1. Would it be correct to say that A:ARG80 is assigned to a strand (DSSP E or B), away from chain B (no Cβ under 11 Å) and exposed (fewer than 13 other Cβ atoms within 10 Å of the Cβ)?
2. Going by the conditions given, is A:GLY86 more than 13 Å from chain B (Cβ to nearest Cβ) and free of Cβ contacts under 8 Å to residues at least 24 places away in the same chain?
3. Is it true that some residue in region A:139-157 is at pLDDT 95 or above, part of a helix (DSSP H, G or I) and among the aliphatic types (A, V, I, L, M)?
4. For region A:53-70: of the residues being within 14 Å of chain B (Cβ to nearest Cβ) and surrounded by fewer than 16 Cβ atoms within 10 Å (Cβ to Cβ), which is nearest to A:ARG232 (Cα to Cα)?
5. Look at B:ALA125 and say whether it is away from chain A (no Cβ under 14 Å) and within 17 Å of the chain's Cα centre (by Cα).
6. Residues B:LEU117, B:LEU73: which one is more than 11 Å from chain A (Cβ to nearest Cβ), in contact with a Gly (Cβ under 7 Å, 6 or more places away or on another chain) and either touching a residue at least 40 places away in the same chain (Cβ under 8 Å) or at positive phi (or both)?
7. Answer with yes or no whether B:ILE90 is outside any helix (DSSP H, G or I) and within 20 Å of the chain's Cα centre (by Cα).
8. Is it the case, given these coordinates, that B:VAL216 is modelled with pLDDT of 95 or more, in a loop (DSSP other than H, G, I, E, B) and not acidic (Asp, Glu)?
Protein chains: 2
Amino acid sequence: MSARLEIIPIPGLPEIVPGNDLAGLIMDACQNTLHPEGLQDHDVLVVSQKVVSKAENKLEVVDPADPLSHKPLVLRESVRVVRRRGELIISETKHGYICANAGIDRSNMAPNIAALLPDDSDRSARRIRDAIRGRLEVDVAIIVADTFGRPWRRGLTDIALGCAGIRPILDLRGTEDAVGRELHVTEVCIVDELAGAAELVRGKSDGIAVALIRGVDPAWFGPGGVVANVVRSPTEDLFR
Amino acid sequence: MSARLEIIPIPGLPEIVPGNDLAGLIMDACQNTLHPEGLQDHDVLVVSQKVVSKAENKLEVVDPADPLSHKPLVLRESVRVVRRRGELIISETKHGYICANAGIDRSNMAPNIAALLPDDSDRSARRIRDAIRGRLEVDVAIIVADTFGRPWRRGLTDIALGCAGIRPILDLRGTEDAVGRELHVTEVCIVDELAGAAELVRGKSDGIAVALIRGVDPAWFGPGGVVANVVRSPTEDLFR
C-alpha cells in the first residue's frame, strides 16, 4: 500500500459510432500510447460512459432546436422522480442510479442526438475486459465512468457506473480498530475514487475518453459489479 | 491536459500531538521521500484531516468504555440534524459540511480521545502552504481531506474539507458546447477528485497521512477555499 499510482491519459480513440468494436479501438489506442510495454496485468482502464453508450447504440433522436426535447426520455428512463426543481429532474434510473436527468447527456453530441446510459454498465465493463484478455492475454480491470452531482457539494465528480475485474468497495483500514468503534466508516469505494482520479487527466473538451491507472494493489482485483455492490437499495437510503 | 499524474504516498510522519509543527514535519517527510528533487512548484499535497486536528488540538476526552460517548459532541458540533437512524446522525456541522457524526472520529485514536474537525480547514491548508513557501520557496497546493459517505452509494470516498493554492471547481469541458445545452454539468470539483485519488495510496491502517500529486495542470492553481466554493448553501440544497 505504499506504491505510487500513475494516471495516464489514452488519446487516439476515433469518434465512436454504433457497432464499433470499442474494446478493439481501446486496445489499439493503449498499445500506441503505452508503446513499447503495452497494457499490463493489473492495469485499470477507466472508460467514459459516453463512448460505451455510442458503441452500444444507446442514442435517441431529439429536436435540436429544443434544449428540453430530451426530457420525456428522462422520465422514460426513470422509475422514480426523487426531486424536481425547474427543469432539473433528479431521479432513480431503471438501473438504480440516483442522478440528474437519468444520466442522459447531449454535451459533445450531434445537436439532434442524446446519449442514454448503457443498459448494464457492469456487463459493458466485463465485455471490454474479456475482449482484452482474449486478444492480449492480460488481466486488466475496467471501470465505466460518468459524471454525477452531489446533493451537498457543488461541482461534479466522476463515479463508476460499472466495473469488471476489480472489487468495488474495500476495507482499506484493516480491522485493528474494530473494538467498540464505528465500523461503518471503514469501507472505501475505490472504484469511485479511481473514476474521479481518471477524470483529472481525461479533459473532456479534448475528447480523451480513456485513462489508465497503473500501480493499483493486485489484492484489489477480484469480482463484483457496481450495481450490486455500490448502488444503495431504497431500504437503506435515508434520502430518497 | 494530456499530462500524466503521479500519486506518491509520503510516509514518515511521526505520531502527531497538539502543538506539533505539522507543516515542518510534512516538509521533512516530503524531502525524505522525494529525495533528491524535493517538493516542486505545482505539487499538490493532500493531508489527512486527522493529523491536522491533532496538531490543532481539536481533541476531546470521551469515555473509553462507551462507544457512544462522543455523541453529545456530535450534537454540539452541529447546527442542524438532517437525518437520524439508530445511532447514526447525519447533520450539518457548524462549518457547513453535511456528514455523519459531524466528522468526529475515534478510529486510530487513543480509546479515550475523539478528534473533531478543524475549526477552519481552508485556513489550516493556507497555513501549511504558507509555511512551505516560507521555508522551501516552492508554491504547492494543499488539500485537507476527510472521508465522507454518500446518500445513494455505499462505501466512503475522500473529499476536500479545505484547500489552499488550487481552484476547487473548474470547468474542465470548456465552453464549446454552451449553445442550448445544460451548462450545469460542466463544473468539476477537482479538489474532491484529488482527495479521492490521494486516498488510494494513503492506506489508512498504515498511517500514511500525506500523499503528493504531481503533474497537475499549472492553470488549476489559484485562490479559493472549499467552504466558500464547494459547500452548498441551504437555499440551493434539495436534500436538507
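The values are calculated or read from the model by the stated rules, or taken from the named source; none is laboratory data. Given the structure is predicted, the values throughout are model-derived calculations rather than measurements. Cβ: placed from backbone, ideal geometry, glycine included. Neighbour counts: every protein chain shown.
1. Values: assigned to a strand (DSSP E or B): yes; away from chain B (no Cβ under 11 Å): yes; exposed (fewer than 13 other Cβ atoms within 10 Å of the Cβ): yes.
Yes.
2. Working: more than 13 Å from chain B (Cβ to nearest Cβ): no; free of Cβ contacts under 8 Å to residues at least 24 places away in the same chain: yes.
Spelling it out, it is not the case that A:GLY86 is more than 13 Å from chain B (Cβ to nearest Cβ) and free of Cβ contacts under 8 Å to residues at least 24 places away in the same chain.
3. There is no residue in region A:139-157 that is at pLDDT 95 or above, part of a helix (DSSP H, G or I) and among the aliphatic types (A, V, I, L, M).
4. Initially, region A:53-70 is screened for residues within 14 Å of chain B (Cβ to nearest Cβ), giving A:62-70.
Narrowing the set further to residues that are surrounded by fewer than 16 Cβ atoms within 10 Å (Cβ to Cβ) leaves A:63-66, A:68.
Numbers: A:ASP63: 34, A:PRO64: 35, A:ALA65: 37, A:ASP66: 34, A:LEU68: 29 Å.
For region A:53-70, the residue satisfying everything is A:LEU68.
5. Details: away from chain A (no Cβ under 14 Å): yes; within 17 Å of the chain's Cα centre (by Cα): yes.
Answer is yes for this residue.
6. Working: B:LEU73 fails: in contact with a Gly (Cβ under 7 Å, 6 or more places away or on another chain).
Result: B:LEU117 is the single residue among B:LEU117, B:LEU73 that is more than 11 Å from chain A (Cβ to nearest Cβ), in contact with a Gly (Cβ under 7 Å, 6 or more places away or on another chain) and either touching a residue at least 40 places away in the same chain (Cβ under 8 Å) or at positive phi (or both).
7. Values: outside any helix (DSSP H, G or I): yes; within 20 Å of the chain's Cα centre (by Cα): yes.
Against the criterion (outside any helix (DSSP H, G or I) and within 20 Å of the chain's Cα centre (by Cα)), B:ILE90 qualifies.
8. On the way: modelled with pLDDT of 95 or more: yes; in a loop (DSSP other than H, G, I, E, B): yes; not acidic (Asp, Glu): yes.
Criteria met by B:VAL216.
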